[in-house]
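Chemist: Take this structure, written in structure tokens, and hold onto it; I'll ask about it next.
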Amino acid sequence: MVFSSSDHDVVEQETARVLSPHRLFIMTPHHRLDARLDRLPLGQVELVRLQYQADVKVKPGVLGSLYLVTLPLSGRAVQQIGSETVEVNPERGSVASATREFKFKADVEYTQMIFRIDREALERRCAEVLGHPLNQPIDFEPGVDLRSAAGEQWLHMAGFVIGSEAFVENLQIHSRMAQHLEGLVIDLLLTTQPHTYSDELERGPSCSSPYYVRRAEEYMRTYPGENISLRSLARVVGVSERSLLAGFRKHRGVSPMAMLRDIRLTGVHEALAQAESREDTVTDIAFSWGFTHLGCFSAAYRRKYGRRPSETLAEAKRMRGH
């Protein structure tokens, strides 16, 4: 529980902290709020239960950084999502997209479950599946028939997550479980609710390898001397470490770090073979290509080229008369 309060300012401020900044108006004169909000974080997804127990008007505006999937449990509300009006009730839910203006009026009986989904996480996952960066924001059809197969899946998902107190406690203790559920919720939204990229997702990726594999490879070839880790590389290309690792193993047959080592070894070998200055040393060249442990570097170089790096450098200098 985040709060249980009749104080208008507390309800408005604390709800804004969990969901989105907004204005809250009591529509019935002299009506007293009796609001409550509960939340369960699932990584970059949260499950929220919210009720006001008053006739209210709520005006968040453009959501910007998040998407909201609303599953009404009781009562009725009329939502304005962009240019479309959606009446929501226990038989009809909604999806509010990040780029659309959002506001609603709700009656005193209205209680709702909300999946709050981070926009960046949703867009990153969609791009991973498509195999290329998104060229426009994801815009969903706003209405969800909760009696349909898709609607039933949303209701089952919410019920599954909060159906057991022991399970909820386990989610709070073990972050990996929450991350798996985060992915399930995002994939459920992308696969069941029509949106900008639905047709393309059904056709599957058009490229032989995902864009993030190609972008990571390009980055490593452009900046081989930088301090690159799997984490930093995943951040550069905008996917998770797990997705990046799986993508390289599937489409390149090696891990990203193994490819980086090979790129660096090739670069060092060419630099040693073309060394023109008497002052060139194996250490300086290896460091310039990102190797920091000379023993590991020498062993990897010898496995790849069948000789020590110092031998390659000595031969190059001998050929140039140094």
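The values are calculated or read from the model by the stated rules, or taken from the named source; none is laboratory data. From a predicted model like this one, the values you see are computed outputs, not experimental measurements. Every residue, glycine as well, gets a Cβ built from its backbone with ideal geometry; the counts of neighbours run over all protein chains shown.
Chemist: Whether any residue in region 79-89 is among the hydroxyl-bearing types (S, T, Y) and surrounded by fewer than 21 Cβ atoms within 10 Å (Cβ to Cβ) is what I want to check.
Modeler: yes
Chemist: With the requirement that a residue be among the hydroxyl-bearing types (S, T, Y) and closer than 17 Å to E128 by Cβ, what does region 220-263 give you?
Modeler: Residues satisfying the conditions are S240, S243.
Chemist: In addition: Being without any contact (Cβ under 8 Å) to a residue 60 or more places away in the chain and in a strand (DSSP E or B) is the filter here, so list the residues in region 17-43 that pass it.
Modeler: Passing the criteria: R23, L24, F25, I26, A35, R36, L37, D38, R39.
Table: residues versus (1) within 30 Å of R124 (Cα to Cα); (2) modelled with pLDDT under 90; (3) among the aliphatic types (A, V, I, L, M).
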site	(1), (2), (3)
R214	yes, yes, no
Y219	yes, no, no
S232	yes, no, no
K250	yes, yes, no
S255	yes, no, no
E270	no, yes, no
E279	no, yes, no
W289	no, no, no
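Chemist: Next question. Part of a helix (DSSP H, G or I) and within 21 Å of G247 (Cα to Cα), is that true of L189?
Modeler: no
Chemist: In addition: Out of (1) at pLDDT 85 or above; (2) in the same structural domain as P72 (by TED's automatic domain parsing); (3) out of contact with any Gly (no Cβ under 9 Å at 6 or more places or on another chain), the odd one out for M177 is which?
Modeler: Evaluating M177 over (1) at pLDDT 85 or above; (2) in the same structural domain as P72 (by TED's automatic domain parsing); (3) out of contact with any Gly (no Cβ under 9 Å at 6 or more places or on another chain) leaves (1) as the failure.
Chemist: Also, I was wondering about something else. Answer yes or no as to whether E84 is over 17 Å from F115 (Cβ atoms), acidic (D, E) and either touching a Pro at 6+ places or on another chain (Cβ under 7 Å) or in contact (Cβ under 8 Å) with a residue 60 or more places away in the chain (or both).
Modeler: yes
Chemist: I'd like the full set of residues that are on the phi < 0 side of the Ramachandran plot, in a loop (DSSP other than H, G, I, E, B) and in contact with a helix residue (DSSP H, G or I) (Cβ under 6 Å, 6 or more places away or on another chain), limited to region 276-307.
Modeler: Scanning region 276-307 gives W289, F291.
Chemist: How many residues does region 231-279 hold that are in contact with a Lys or Arg (Cβ under 8 Å, 6 or more places away or on another chain), of a type in the set (A, V, I, L, M) and free of Cβ contacts under 8 Å to residues at least 24 places away in the same chain?
Modeler: So the answer is 1.
Chemist: Sticking with this structure for a sec: Considering every residue within region 8-26, establish whether at least one is touching a Ser or Thr at 6+ places or on another chain (Cβ under 8 Å) and β-branched (V, I, T).
Modeler: Yes, some residue in region 8-26 is touching a Ser or Thr at 6+ places or on another chain (Cβ under 8 Å) and β-branched (V, I, T).
Chemist: Can you tell me which residues in region 27-54 are buried (at least 16 other Cβ atoms within 10 Å of the Cβ) and on the phi > 0 side of the Ramachandran plot?
Modeler: Matches in region 27-54: G43, Q53.
Chemist: Among the residues of region 1-26, how many are surrounded by fewer than 16 Cβ atoms within 10 Å (Cβ to Cβ), under 20 Å from L73 (Cβ atoms), out of contact with any helix residue (DSSP H, G or I) (no Cβ under 9 Å at 6 or more places or on another chain) and not polar (S, T, N, Q)?
Modeler: Total meeting the criteria: 1.
Chemist: Let me ask another. What about V161, is it part of a helix (DSSP H, G or I), buried (at least 16 other Cβ atoms within 10 Å of the Cβ) and either touching a Ser or Thr at 6+ places or on another chain (Cβ under 9 Å) or assigned by TED's automatic domain parsing to the domain that holds L19 (or both)?
Modeler: yes
Chemist: For P210, are the conditions met, namely being in contact with an Asp or Glu (Cβ under 9 Å, 6 or more places away or on another chain) and either touching a residue at least 24 places away in the same chain (Cβ under 8 Å) or among the β-branched types (V, I, T) (or both)?
Modeler: Judged against the criteria, P210 is a match.
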